[in-house]
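Input: a single structure, listed below in structure tokens.
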Amino acid sequence: MARLLVVEDDAAISEPLVRALAREGHEVDHAATGADALERLADGRVDVLVLDLGLPDIDGVEVCRRAREDRPRLRVLMLTARSSELDEVLGLDAGADDYLTKPFSLSVLSARVRALLRRGGDDGGERQVAGVRVDPAARRAWRDGRELELSPKEFDLLALLVGRAGEAVPRDEIMTTVWDENWWGSTKTLDTHVGWLRRKLGDPPVLTTVRGVGFRFEDG
Ligand code: CA
């Protein structure tokens, strides 16, 4: 179970947020101030920090900076009420992994948190499922010992699905993970890439379309 800390002073935002993330099976803690957040972070058990930029005491950027001093690999999703580019750059400079501008939908936020957990939770080691081997560090993949020539997106897509073999991975999650984190709109490009990937993987088929959901890499 992943441990999340939601840092947000506005209860109208934090309460539904904490509930939604807890429903996803995460252990969720909440802090309303930057000082409280830093105190709760001190035990080093938080996996993902969901951090509001505008806090009543210490600015979110500063909280992020201080949290990262002790734990450079802590994953941070910054929430901002202002959408100007400067704020985004500031958030990234402070070491945020991702950011969302309010208002955002809870499902988008959940998908971003899942993406962050995968990014950091995975050790980047090799995986082999159903005759398909993926080496994320080398960015190489094989099917039954034959190396696959994949484009960068095809590789990312395959690595994501193999990493979650047996699970139906939702389309919006694939789009936000493999394509643009600020992606909105058509997923036609995803279907195109899945088609190419299927052709390169050959038979027997291992990528299943889960209607109305997304795609599943078959693990057996
Ligand atoms: Ca705030």
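Read-outs: derived from the displayed coordinates by stated rules, not from any lab. Because the structure is a prediction, the values reported are computed rather than measured. Note: ideal-geometry Cβ built from the backbone for every residue, glycine included; neighbour counts use all protein chains shown.
Looking at the chain, the DSSP beta bridges with both ends there are about 45 percent antiparallel.
Can you give the relative contact order of the chain as a percent, counting alpha carbon pairs under 8 Å and 6+ residues apart?
Reported relative contact order: 13 percent.
Classified by the C-alpha gyration tensor, the stretch 3-117 has a rounded form. Its axis ratio a/c, with a ≥ b ≥ c, is below 1.5. Taken one residue at a time, the phi angles of the stretch 36-53 give Karplus couplings (6.51, -1.76, 1.60, θ = phi - 60°) of 4, 4, 5, 5, 5, 7, 4, 7, x, 9, 7, 8, 10, 9, 9, 10, 6, 6 Hz. Gly and Pro are set to x. Computed from backbone phi, the HN-Hα couplings of the stretch 126-132 come to 5, 9, 10, 9, 6, x, 10 Hz, rounded to whole numbers (Karplus: 6.51 cos²θ - 1.76 cosθ + 1.60, θ = phi - 60°; Gly and Pro given as x).
Projecting the Cα atoms of V134, L17, T208 onto the charge dipole of the chain (Cβ charges, centred on the Cα centre) puts T208 farthest toward the positive pole. Helix 60-70 and the longest principal axis of the Cα set of the chain meet at an angle near 70°. Close amide H contacts of V28 (hydrogens built in the peptide plane, cut-off under 5 Å, sequence separation of 5 or more or a different chain): L4.
For the chain, just say rounded, prolate or oblate: build the C-alpha gyration tensor, square-root its eigenvalues into a ≥ b ≥ c, call rounded for a/c under 1.5, and beyond that prolate if a/b exceeds b/c, oblate if not. Taking the square roots of the gyration eigenvalues as a ≥ b ≥ c, the chain is prolate.
Our coupling estimate for the stretch 157-173, obtained by passing each phi through the Karplus curve with A = 6.51, B = -1.76, C = 1.60 and θ = phi - 60°, is 4, 5, 4, 4, 5, 5, x, 10, 3, x, 9, 7, 8, x, 4, 5, 6 Hz, Gly and Pro reported as x. Protection proxy ranking of 73-79, 48-54, 193-199, 2-8, by the mean of other Cβ atoms within 10 Å over each peptide's residues and highest first, is 48-54, 2-8, 73-79, 193-199. Around the amide H of V50, modelled in the peptide plane, lie the amide H atoms of L5, V6, V7, L77, all under 5 Å away and 5 or more residues distant in sequence or on another chain. Please get the size of the charge dipole for the chain, origin at its Cα centre, with Cβ charges of +1 on Lys and Arg and -1 on Asp and Glu, quoted in debye to the nearest 20. Value, rounded to 20: 1060 debye.
Magnitude of the charge dipole for the stretch 127-217, about its Cα centre and with charges confined to Cβ atoms of Lys, Arg (+1) and Asp, Glu (-1), is about 260 debye.
Annotation: amide H-H contacts under 5 Å for G202 (H modelled 1.01 Å from N, sequence separation of 5 or more, or interchain): none.
Between R127 and E167, 0.36 nm times their residue separation minus their Cα-Cα distance comes to what? Walk me through the intermediate numbers first.
Numbers: separation 40, 0.36 × 40 = 14.40 nm, distance 1.52 nm.
Extending this stretch completely gives an extra 12.9 nm.
Taking the chain as a Gaussian network of alpha-carbon nodes connected by springs under 10 Å, the highest mean-square fluctuation of the residues R23, R143, R164 belongs to R23.
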